[in-house]
Each structure stands twice: as structure tokens, then as C-alpha cells.
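The values are calculated or read from the model by the stated rules, or taken from the named source; none is laboratory data. Everything quoted here is computed from the prediction, not taken from an experiment. Please note: Cβ atoms are built from the backbone with ideal geometry, for glycine as well, and neighbour counts cover all protein chains shown. Accessible surface areas use protein heavy atoms only, side chains included; no ligands, DNA or RNA. Shrake-Rupley method; radii C 1.70, N 1.55, O 1.52, S 1.80 Å.
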Amino acid sequence: MKIVRLRPGRDKATRRHHPWIFSGAIGSLSREPEPGEDVLVTDADGAPLGVGAWSPASQIQIRLWRFDEGAVDADFLHARLAAALAVRAGMAERFDTDALRLVNAEADGLPGVTVDRYGDVLVGQFATVGAERHKAEIVEALLALTGAASFYERSDVDARKHEGLEPARGLLAGAEPPERIVIHEGPVRFEVDVREGHKTGFYLDQRENRRLVAEAAKGRRVLNTFCYTGGFGVAAQSAGAEAVTHVDLSAPALAQARRNTALNGLPEAEFIQGNVFQELRGFRDRARDFDLVVLDPPKFADTRKLAEKALRGYKDINLLGLKLLAPGGLLATFSCSGAIDAATFRMVVAEAARDAGRNVRILRELRQAPDHVEALTFPEGLYLKGLLCHVE
Ligand code: SAH
């Protein structure tokens, strides 16, 4: 294995088992590795720290597979994948679902590798050159471990650009998945399009939050903004919400939300195609109110540089959302921007509450579902943050 020596004093994060090594920490190379090649990382004195994938095009120049000197071969990957499945043992039953995240990249010791299961179809993203290099071994091991019928690739993620990789999408093994896979979460069913849907097809990370919102929705008039394929609203309506209004910019997303409503035998909801920022102002101007507002926008901030602008966006929708709530109403508000931490998000919502003149109490702090595991050593893995609030 080629050897990458870190600069003096730049080994602390690696010793804490943080999986990323940034370009600034790299001292010298024994020989130039190929993109994705596994390299042995040592401290400045040559003491081994771990083995990781070399990624020359990225700021994150090495992602560590392991913190010893062992090889990254089929046996190692098989063991890591088996461990990821073991962490999730019993989860499908406990959450009463057939759709689960099986591999959550860095948090499962498999940087760049994300795999979700929808029924007997596995859908994977290989976001880095290191993940790409070991793709075939990973696919083979996971099919053997799960007995799934097919493996579909959705590596059409922006992250690949930073790695010098083209987007990739298509069947890697087994039978072509059906056009739409029907999954369930408890009694609620959703159609998932693994070819065209966001991420690997569906926002599995919101599963527990959908359940909590649904439980709170009985008898309430629900506004489901950024509804995508209906998630929160369909769950709320199934749990006895009095009425549900979905808002999204995307016509295909709304069409799928409509199909998901029908799939659950629910009466027609209200579907509004429009910009949430404008639609919220429209409701306010028409003095229309709601008893539960869900704000689940797309990532407003990709980087810390954009965080400032993103904060204004979050404040704006939270302010408008709060104003639309009847007294005693509930707000379920989220941020999936990794660049904005939970404390900052909470502060933004507090500012919005102050400006809206509403007294807001947190009923529950929310995060990504537990199958989207977080490693103790990798705080960056917590990207989805939310608050379920009571609004006086
Ligand atoms: N809440 C959804 C996921 C939201 S994904 C779920 O649980 O499944 C973000 C959605 O916001 C996408 O469907 C996208 O079309 C929509 N969107 C993005 N910007 C928007 C805007 N300004 N107004 C309305 N919808 C928007």
C-alpha cells in the first residue's frame, strides 16, 4: 500500500477516529496513488493511523475505511456491511415498515456508501471515488446478506462532481425494479419511484417525524409545505386530520402526492402548485389559518458560506408559518442543511416566534430516523434537525 504521511500535529482528528482527512493535513506521499486507491495513513513520525481511499480531486482527500493497517477487501467489506445490518436488527418490525436505510455512509464505517431498501429492491449511492472503486464487492455482499432481488444505482448526486466522477444511474444486479414500489410505514402506504424520486426515492429520514406529526394531527387542519410526494400530509390524513393542504412547486411531486392519497383510500386533499414563500403570504393576506403547519424545505445551505442566506430563508418561512397557526396550533419545522447546526436552527425559529409575536414551546426535538445512524465520532452525520412546537 502506498503511504500518506500527515503533517506534524495534524493527526488529532484521525486519532479520534474521525473519517475525513483534509488536503491541508497531508504532508508527503510515498508515491502518487490512483483516485480511489486505498492508502496507509501515518502520522508525521510514520506511525500507522489507518487505511483510507485517496481522493485527489476533493477537499476531503482521504476518507478512512478503517483505523488499523488491515486490507479493504471483500471480507472486510462483507463484515462492515453485516455490522450495518446488525445495527438495524429488528428496526423494520419495530417501525412496521419494509423501507429502511441499511447503510449510512461514514456513520457505518463505509464512507460514500448509502443504501436504502424498498421491499426487496436495494437502491445505492456511491458518492466518492473510494466507494466507486469498491462498488462491485459492496453490491455482491449486500445482495448475499439481504437476499434482495435487485440492486439499483442512484449515484446521480452532486457530491460526485467534487470527486471527479460522472453521475451514474441504472440497474447493477438482479431484476429491473417495478416502475413504482409500494412501501408501508405502519398502516400508511406510499408509492416510491426509485428511478426518478429524490435521493434513493423517498425521504426515509422523516419516518419517525411523520409518525409523530400524524399522531398530533387528529382533528386538525394541516398545512403540508414542501410536500413532495405527500409524506407528512398523507400520514396526517390517515391518522384523522380534518383537512390537509399540500403545497409544492413540482407538478410531478403533487401528482404522486395525489396518488398516495388515493392509495390510502383517503378523501381528496387540497393540492396547490406554487412557491411556498408566496403561498404562505397569500394565506396570510386572505386570513386563512391552520392548526398544524409542516415546514420541510429542501436544503437551503450546501456550505457554510451559504448559511447566512439560508438562515434568512428559514426565518422567513417559520415567521410566515407561525402567523398562520390558530392559537394552540402545532408547528413541525425542519432543516436538512448539514451546515446549520441544531442550536442555530433553534435560534432562528426563536427569532421568527418573537417577530410573529407568538409564544412557542418545544414539545419535542426531532432528528433523522434511527436507521440513519449517527457515529459518535462523526457529528457531521447529523443533518436533519427539527422541532415540534406548541404555538400559543
Ligand atoms: N416533506 C417531503 C420532502 C420535501 S423535499 C417529504 O417528507 O417527503 C423538498 C420539496 O420542496 C421538493 O418536492 C421540491 O419540489 C419542493 N420545493 C423546493 N423549493 C420550493 C419552493 N420554493 N416552493 C414550493 N416547493 C418547493
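So what is the diffusion coefficient of segment 125-172 in µm² per second by Stokes-Einstein at 10 °C and 1.306 mPa s, using a Kirkwood Rh over Cα pairs?
Answer, rounded: 142 µm²/s.
Per residue, how large is the accessible surface of the chain? Use a 1.4 angstrom probe and give square angstrom. Don't skip to the answer; put the middle values down first.
Numbers: 16740 Å² over 392 residues.
It amounts to 43 Å² per residue over the chain.
Quick check: convex hull over the Cα atoms of segment 91-179, volume per residue in Å³, rounded to an integer?
Expressed per residue, the convex hull around the Cα atoms of segment 91-179 is 101 Å³.
With each label point set 7 Å from Cα along the Cα-Cβ vector, what nm distance links ASP98 and PHE277?
It is 4.1 nm.
Which value, in Å³ per residue, describes the convex hull spanned by the Cα atoms of segment 304-392? Intermediate results must be reported in sequence, preceding the final value.
Numbers: hull volume 7.7 nm³, N = 89.
Convex hull volume per residue, Cα atoms: 87 Å³.
Going toward the positive end of the dipole of the chain, with +1 on Lys and Arg Cβ and -1 on Asp and Glu Cβ, which of ILE26, PHE232, GLY313 do you reach last?
About the Cα centre, the residue reaching furthest to the positive side is GLY313.
Can you pick out the pairs among LYS305/LYS385; LYS299/LYS323; LYS315/LYS385; LYS161/LYS309; LYS12/LYS385 whose Cα atoms lie more than 25 Å from each other?
LYS12/LYS385
Compute the long axis of helix 135-146 from its Cα atoms, compare it with the longest principal axis of the Cα atoms of the chain, and write down the angle in degrees, 0 to 90, nearest 10.
So the helix axis and the longest Cα principal axis differ by about 60 degrees.
Would you work out which of PRO298, LEU280, ILE340 lies farthest towards the positive end of the dipole of segment 230-344? Charges go on Cβ: Lys and Arg +1, Asp and Glu -1.
Comparing the listed Cα positions along the dipole, ILE340 ranks first.
What is the dipole size for the chain, taken about its Cα centre, with +1 at each Lys and Arg Cβ and -1 at each Asp and Glu Cβ, in debye to the nearest 20?
Dipole about the Cα centre, nearest 20: 1300 debye.
Residues in segment 52-75, backbone N under 12 Å from the label point at LEU29 (7 Å along the Cα-to-beta-carbon vector): list them, ranges by number please.
From segment 52-75, the list is 54-58, 61-62.
Could you tell me what % of all Cα pairs in segment 118-232 have separations over 17 Å? Display every interim value, and only then the final one.
Working: 4034 of 6555 pairs.
Summing the P(r) of segment 118-232 above 17 Å gives 62 percent of all pairs.
For labels at GLU242 and ILE3 in the simple 7 Å Cα→Cβ model, what's the distance in nm?
Each label point lies 7 Å from its Cα, and together they span 7.2 nm.
Label ASP341 and LEU382 with points 7 Å out from Cα along Cα→Cβ: what is the distance between them in nm?
For the pair ASP341/LEU382, the computed spacing is 0.9 nm.
In degrees, nearest 10, range 0 to 90: what is the angle between the Cα axis of helix 207-217 and the longest Cα principal axis of the chain?
10 degrees
Calculate the all-directions average of the projected area of the chain's alpha-carbon convex hull, and give it in nm².
Average of the hull's projected areas for the chain equals 18.9 nm².
How would TRP20, TRP65 rank on accessible area, largest to smallest, probe 1.4 Å?
Result, largest first: TRP20, TRP65.
Compute the helix-to-body angle for 307-323: its Cα long axis versus the longest principal axis of the chain, expressed 0 to 90° and rounded to tens.
Approximately 20 degrees, to the nearest ten.
Quick one: order TYR203, TYR228, TYR314 from most to least accessible surface, probe 1.4 Å. Can you show the working numbers first?
Working: TYR203 65, TYR228 30, TYR314 0 Å².
Listed by decreasing accessible area, they come as TYR203, TYR228, TYR314.
Ignoring ligands, DNA and RNA, how do PHE22, PHE290, PHE95 rank by accessible area with a 1.4 Å probe, largest first?
The ordering from most to least exposed comes out as PHE22, PHE95, PHE290.
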